[in-house]
Amino acid sequence: MKSMHVLVVAVIITVVSFVLTVLEQAQKSPPTQTQSAVSAEQQVSAPGSVAQIAKRLSELESKDLDKGIAGNFPEARQHLSDALTISPHDTPVKQRLRIADDVLAGRIQRKAAIRLFQAASHGAKETWDKAVDAAREAIAIEPRYAEGYIILAASYAQKSMIDEAIAASERAISFASAKPVVALAHGNLGLEYAAKGMLDKALEESNQAVSLDPDLAEAHVTIGQVYIRRGKQTEAIAALEKSIAINPYVALPYAAIANAYSLMGKQDQALTALKMAVTIDPQSGAAHNNLAVLYYNKGDDKSAIMHLDRAVELGYQVNPQLVEALRPRR
């Protein structure tokens, strides 16, 4: 099960540009032989352990969502607390824990909290229409509850309804009082403005988010993506390594940092970062596709074909140039 990360917009743009750029670079220069790819990766012991931890977090997510949907918030809270002992800065886990605490303290109605857990569950399944419906139902019950608007904004963003997402994030800010909630809403706005190509506003909102909550890993990813799109790869890598240092069990920053390395012509570092992304999220068709590109550039046709086929199996629209290049090598 995929986590419903509440900050979720612009990385798709990054991944697509990465594929085409690497293919172009393969015609210009051979891959460089360099050392370690992702310095923050050293904070976790080995790819196998990362996969095991990510799997455990996914199991706990499934349990907390099931309990929350059933209205059993004491048990949902226990599973969320267990997850935070493993990954203390997991944004969606921290958000659902706040929701569970709010309902247990009587600050919001139980049925609103159930709807928000339903929205998170639909997000984990990537059924975004249902996620929007559940979030809107929660807001109808608790119209001044900021967390509801944050989840609604994330769901709208996944449907490419960016203007609606921005409006929901702004509503969240108007109702939020706790600093982590305000930070999360600003982080959402950063991603949403990035999706519209408004990079100055994206950077402004993302910097506001990390000033309020320096451990908001997703906001550091947005900052990194903005720098990538501005051609500032060194700054991008620094921002993305901050995200990885905060929460090394999420695939997204590894995929983004691979893009930055590829744009610098550093294919070995890009390869290591993408391996980490696939270790954490084996169901990422984009990461498998990009690994296929990198292996092709290195002359490893067997690995390229394996990852390309896996990307196709996962329903990802693979790079047609690569398909044609590998066809005679099967």
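List of remarks:
- Checklist (1) surrounded by fewer than 22 Cβ atoms within 10 Å (Cβ to Cβ); (2) closer than 25 Å to residue 52 by Cα applied to residue 274, failing item: (1)
- Residues that are polar (S, T, N, Q) and surrounded by fewer than 15 Cβ atoms within 10 Å (Cβ to Cβ) were ranked within segment 298-330; the one that is modelled with the lowest pLDDT is 321.
- In segment 252-304, the residues that are closer than 18 Å to residue 240 by Cα and hydroxyl-bearing (Ser, Thr, Tyr): 254, 261, 262, 272, 279
- Pairs are defined by a Cβ separation below 7 Å, a sequence spacing of at least 6 or placement on different chains, a first member in segment 193-220 that is more than 19 Å from residue 256 (Cβ to Cβ), and a second member that is of a type in the set (Ser, Thr, Tyr) and in a helix (DSSP H, G or I); the pairs so defined are 201/193.
- So residue 245, is it surrounded by fewer than 24 Cβ atoms within 10 Å (Cβ to Cβ) and within 18 Å of residue 89 (Cα to Cα): yes
- In segment 201-209, the count of residues that are closer than 28 Å to residue 298 by Cβ and out of contact with any Pro (no Cβ under 6 Å at 6 or more places or on another chain) is zero.
- Screening segment 169-264 for helices (runs of 4 or more DSSP H) wholly inside it with 1 or more residues that are charged (D, E, K, R) returns the ranges 179-195, 199-212, 217-229, 233-246.
- In summary, helices (runs of 4 or more DSSP H) completely within segment 268-330 and bearing 3 or more residues that are free of Cβ contacts under 8 Å to residues at least 24 places away in the same chain occur at 301-313, 320-326.
- Answer from 85, 91 - the residue that is in contact with an Asp or Glu (Cβ under 8 Å, 6 or more places away or on another chain) and of a type in the set (Ser, Thr, Tyr): 91
- Matching residues in segment 151-168 - criterion: being without any contact (Cβ under 8 Å) to a residue 60 or more places away in the chain, in a helix (DSSP H, G or I) and not aliphatic (A, V, I, L, M): 155, 156, 163, 164
The values are calculated or read from the model by the stated rules, or taken from the named source; none is laboratory data. If you're wondering where the values come from, they're calculated on a predicted model, not measured in any experiment. Backbone-built Cβ (ideal geometry, glycine too); neighbour counts: all protein chains shown.
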